[in-house]
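The values are calculated or read from the model by the stated rules, or taken from the named source; none is laboratory data. All of these numbers come straight from a predicted model, not from anything done at the bench. Every residue, glycine as well, gets a Cβ built from its backbone with ideal geometry; the counts of neighbours run over all protein chains shown. For accessibility, only protein heavy atoms count, side chains too; no ligands or nucleic acids. Shrake-Rupley method; radii C 1.70, N 1.55, O 1.52, S 1.80 Å.
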Amino acid sequence: MTADPTLSGNLAGARSYETAVTMTRQALPEHIDELGHVNNAVYLIWAQDAGTVHWRAVATEEMQRDLVWVALRHEIDYRDQVVEGETVEIRTWLGRVSGPRFIRHIDIRKPGAKRFSAKVETDWCLIDAKTRKPRRVGPDILDLFGVTPD
């Protein structure tokens with residue numbers, strides 16, 4: 001995970017861009033590719049960080065020990081470049097839940113920008129840490145995030 005996991009916004013009830021959990025990152029020299037902007041893979045790291053930090057902020061120590069989220073699929077759209085020294089806001093909110101799967105949305109953009117730099121949708125699967133088998137996302141997890149099933 002990268003620096004400063006400070007979150008703002010709604011830890012519970014993050015169901016849209018407007019109600020999202022937010023964190024910030026700055027484009028550092030090591031994030032920049034040969035084209036002079038943030039490398040595509042860095043956006044994915046930032047997206048995973050946002051989801052992980054959100055989980056750790058709401059889950060109990062016991063849950064963090066017993067449950068693990070694994071990414072099954074990422075879909076990323078890129079629109080606006082970020083260059084070294086620029087700061088981005090990373091917003092994350094929760095989407096559809098189905099069995100052990102939970103969709104997480106991430107919007108990465110410069111503060112005040114009208115369009116995103118990257119938009120990510122990740123399909124996460126909840127896994128039992130001991131058995132390594134999928135575990136249904138139940139009311140306990142939904143309550144933590146302050147959401148109800150679709």
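What the table below lists for this structure:
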quantity	calculated
Residue match in region 28-42 (condition: open to solvent by less than 70 Å² (accessible area, probe 1.4 Å), under 14 Å from the mean Cα position of the chain (by Cα) and closer than 19 Å to Ile141 by Cβ)	no
Only listed residue being within 30 Å of Asp140 (Cβ to Cβ) and crowded, with 19+ Cβ neighbours inside 10 Å, chosen from Val97, Val68	Val97
Qualifying position, being among the acidic types (Asp, Glu), open to solvent by 30 Å² or more (accessible area, probe 1.4 Å) and either at pLDDT 95 or above or in contact with a Ser or Thr (Cβ under 9 Å, 6 or more places away or on another chain) (or both), among Glu61, Glu18	Glu61
Residue within region 122-129 that is within 15 Å of Val21 (Cα to Cα) and either over 16 Å from the mean Cα position of the chain (by Cα) or open to solvent by less than 50 Å² (accessible area, probe 1.4 Å) (or both) present	no
Phe116 being of a type in the set (A, V, I, L, M, F, W, C) and under 19 Å from Ala57 (Cα atoms)	no
Selection within region 46-91 - under 23 Å from Ala113 (Cα atoms), among the small types (Gly, Ala, Ser) and in a helix (DSSP H, G or I)	Ala47, Ala50, Gly51
Some residue of region 114-131 being modelled with pLDDT of 95 or more, in a loop (DSSP other than H, G, I, E, B) and at positive phi	no
Some residue of region 73-92 being under 12 Å from the mean Cα position of the chain (by Cα) and β-branched (Val, Ile, Thr)	yes
